[in-house]
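Just below is one structure, and these are the notes that go with it.
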DNA sequence: TTGAAAGCGGTACCAA
DNA sequence: TTGGTACCGCTTTCAA
């Protein structure tokens with residue numbers, strides 16, 4: 001016998017609660033289990049029954065309750081996406097791609113956008129509560145936090161981050177390689193006085209990019225002045241001012257830790273210093289965001305292969321949701337050098353190590 | 001007597017499943033109900049017990065299961081955010097703001113980013129499954145879809161959209177008013193030959209903005225050439241080319257349905273037509289995105305009050321989650337005219353109706 | 001203040 | 001292929 005859904009009046013009118021599988025079962029004249037099977041692919045159900053049930057479901061506007069099924073299957077089809085700077089011109093693209101790809105696999109995104117890269121802990125508490133199947137994190141997670149993921153057996157994939165000390169699956173764009181390329185090409189074109197505008201001190205991405213650039217400069221017997229920005233447009237402005245002061249205006253190549261600062265620096269060079277870019281000053285960035293391609297800038301930069309990277313991140317995550325014991329793996333993608341007109345870049349003149 | 005969590009071995013080692021309130025209860029030597037109360041504010045629990053429980057919870061890394069509690073309370077603390085063009089420079093800010101504000105109220109964002117404004121239906125099915133407490137939609141919902149929200153008693157707030165026919169709570173920036181302002185100021189500065197680059201035909205925002213501009217032009221005895229773009233940078237380029245051809249180069253004021261197209265048009269005017277902006281051609285946009293303020297553009301535009309709008313959207317939604325029977329309400333916000341240097345704008349010369 | 005017990009809306013195993 | 005039933009992990013009466 002069917003149990004009647006208790007919140008439903010005899011009139012057939014929905015009083016308050018949502019439609020349940022019991023309601024559908026009753027209307028279709030089958031058991032509740034049968035209804036459940038109709039919505040679970042691969043269950044054995046007679047086509048005729050199935051049709052009757054789906055019709056009833058349609059009529060009542062029934063949709064299975066994801067909470068209830070998640071409770072018993074231990075699969076919520078939820079993935080947490082943790083992002084710090086949503087307004088950073090680069091992330092919307094990443095977020096859109098990830099969301100799209102996951103949804104192709106029937107997985108929804110629970111979004112956590114942190115104002116600062118701190119307060120991660122309070123956010124993680126929420127992540128645990130929702131029993132997400134996995135997470136993609138584009139922000140710094142401490143070793144303790146990473147261990148927490150492991151302990152709870154929640155697979156996590158880092159995006160442009162690296163599990164310091166902990167072995168964690170991650171997807172990265174090769175910052176060091178990209179910067180080395182830029183430096184080599186700038187040196188080949190005869191630049192002498194280098195300046196670097198770094199990102200925020202606590203940004204892993206910035207650290208890597210700056211390290212890549214400085215190391216290569218040193219290897220080739222050059223040095224650079226360095227100043228710190230915060231990855232935004234105005235940092236490019238402030239950074240260039242600082243470097244021009246330090247170098248007494250002798251700067252001829254400026255390496256920015258991201259495109260946004262490079263764009264700010266270009267505008268600043270033109271307006272505040274009346275410099276011609278790239279004749280007087282070469283400026284390079286990193287990321288390959290859309291505005292970098294705008295004709296006012298035509299930035300020379302390293303474009304991150306966002307498609308392939310998000311693809312990899314999602315693939316790696318799904319694999320690990322399927323089998324949490326897969327070994328960690330770091331996939332590094334080379335960025336593509338875009339030869340814009342914001343910098344004089346020569347083909348490599350000297351044989352390189 | 002306590003029921004032992006069945007998935008836990010005698011060794012105290014976690015085998016597979018997450019920690020449950022039973023585990024915490026056992027460790028703390030209290031009933032499972034007591035544990036539950038500790039995590040529900042306002043429940044009566046002795047401070048001493050509470051402390052013991054929280055300690056045990058801490059030790060085990062316990063976090064209440066949101067699915068289970070959502071199932072029984074019928075509150076998931078989940079809000080669906082439906083967005084179409086995540087890559088549109090304007091939305092990241094909106095999304096970040098909404099997420100932040102909701103999280104202040106203990107509510108998480110379930111993100112649905114649609115590639116196109118179609119396929120909404122398949123996405124809504126997912127929304128229903130997760131029993132979200134409410135939704136914020138920055139895309140077009142058909143009257144049928146809106147009625148579905150009503151039928152299921154899921155409060156929804158539209159963002160820069162309007163419930164066509166249906167009475168739906170919504171938050172809008174006054175497109176018509178903004179465009180009228182721009183038109184008035186352009187006319188006052190003596191512009192004669194107007195062009196408009198519209199957004200995609202199916203975009204409500206674009207329709208409103210174009211309508212606002214055209215109506216005002218007509219009221220004041222002017223007309224405009226119109227071409228259609230798709231809200232992106234290259235549409236500005238293509239749009240200007242189209243309009244210059246149509247007008248045989250006589251255009252002196254260009255109204256773009258958003259900033260991105262205006263920026264594209266500025267670059268195009270300078271590079272392809274060697275025009276000086278604004279001396280030869282005035283260009284205005286709409287939105288007030290970050291790049292509009294970059295010194296290469298200094299766009300004259302209408303800035304949407306994103307903070308106040310997201311605030312309003314979240315407030316309205318929370319109110320309606322509290323009381324689904326609140327009447328619909330439309331809050332319209334005036335945009336702020338930004339007098340950049342991309343257009344010659346004069347103070348209003350003639351008395352206006 | 002505390003504990004026992006009855007669900008919330010499904011899934012999955014079992015026997016029929 | 002079907003229906004019955006025991007949970008999933010929590011909240012919420014209800015008595016004690």
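The values are calculated or read from the model by the stated rules, or taken from the named source; none is laboratory data. These numbers were taken from a predicted model, which means no experiment stands behind them. FYI the Cβ positions are ideal-geometry reconstructions off the backbone, even for glycines, and counts take in every protein chain you see.
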Please find, within the stretch A:180-195, the residue that is surrounded by the most Cβ atoms within 10 Å (Cβ to Cβ) out of those that are within 18 Å of residue A:278 (Cβ to Cβ) and under 25 Å from the mean Cα position of the chain (by Cα). A:182
What are the residues in the stretch B:68-80 that are surrounded by fewer than 23 Cβ atoms within 10 Å (Cβ to Cβ) and either away from DNA strand D (no atom under 16 Å from the Cβ) or free of Cβ contacts under 8 Å to residues at least 12 places away in the same chain (or both), if any? B:68, B:69, B:71, B:72, B:73
Tally, over the stretch B:297-317, of residues that are in a helix (DSSP H, G or I), in contact (Cβ under 8 Å) with a residue 40 or more places away in the chain and in contact with a strand residue (DSSP E or B) (Cβ under 7 Å, 6 or more places away or on another chain): 5
Any chance the stretch B:156-179 includes a residue that's surrounded by 16 or more Cβ atoms within 10 Å (Cβ to Cβ) and more than 30 Å from residue B:198 (Cβ to Cβ)? no
Can you tell me which condition residue B:41 does not meet? The list is (1) out of contact with any helix residue (DSSP H, G or I) (no Cβ under 8 Å at 6 or more places or on another chain); (2) within 13 Å of another protein chain (Cβ to nearest Cβ); (3) within 16 Å of DNA strand D (Cβ to nearest atom), and all the others hold. (2)
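Tell me, which residue of the stretch B:318-337 that is over 16 Å from the mean Cα position of the chain (by Cα) and not in a loop (DSSP other than H, G, I, E, B) is farthest from residue B:149 (Cα to Cα)?
Among those that are over 16 Å from the mean Cα position of the chain (by Cα) and not in a loop (DSSP other than H, G, I, E, B), it is B:337.
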Filter the stretch A:44-59 for residues that are more than 10 Å from DNA strand D (Cβ to nearest atom) and surrounded by fewer than 19 Cβ atoms within 10 Å (Cβ to Cβ) and give the result. A:51, A:54, A:55, A:58, A:59
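Being at the interface with another protein chain (Cβ under 10 Å from one of its Cβ atoms), touching a helix residue (DSSP H, G or I) at 6+ places or on another chain (Cβ under 8 Å) and either over 25 Å from residue B:287 (Cα atoms) or in contact (Cβ under 8 Å) with a residue 60 or more places away in the chain (or both) narrows it down to one residue among B:98, B:83; which is it?
Numbers: B:83 fails: either over 25 Å from residue B:287 (Cα atoms) or in contact (Cβ under 8 Å) with a residue 60 or more places away in the chain (or both).
On inspection, the qualifying residue turns out to be B:98.
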Enumeration of residues in the stretch B:120-139 that are touching a strand residue (DSSP E or B) at 6+ places or on another chain (Cβ under 9 Å) and more than 7 Å from chain A (Cβ to nearest Cβ): B:120, B:123, B:124, B:127, B:132, B:133, B:134, B:135, B:136, B:137, B:138, B:139
Within the stretch B:207-215, identify whether any single residue is part of a loop (DSSP other than H, G, I, E, B), under 20 Å from the mean Cα position of the chain (by Cα) and more than 21 Å from residue B:252 (Cα to Cα), and answer yes or no. no
Could you grab the pairs with beta carbons closer than 7 Å, sequence gap of 6+ or different chains, first residue in the stretch B:267-296 and more than 8 Å from chain A (Cβ to nearest Cβ), second one at pLDDT below 95? B:287/B:90; B:289/B:89; B:289/B:90
May I ask you to say which residue of B:33, B:69 is more than 13 Å from chain A (Cβ to nearest Cβ), within 14 Å of DNA strand C (Cβ to nearest atom) and at pLDDT 95 or above? B:33
Count, please, the residues in the stretch B:101-119 that happen to be more than 7 Å from chain A (Cβ to nearest Cβ) and part of a strand (DSSP E or B). 1
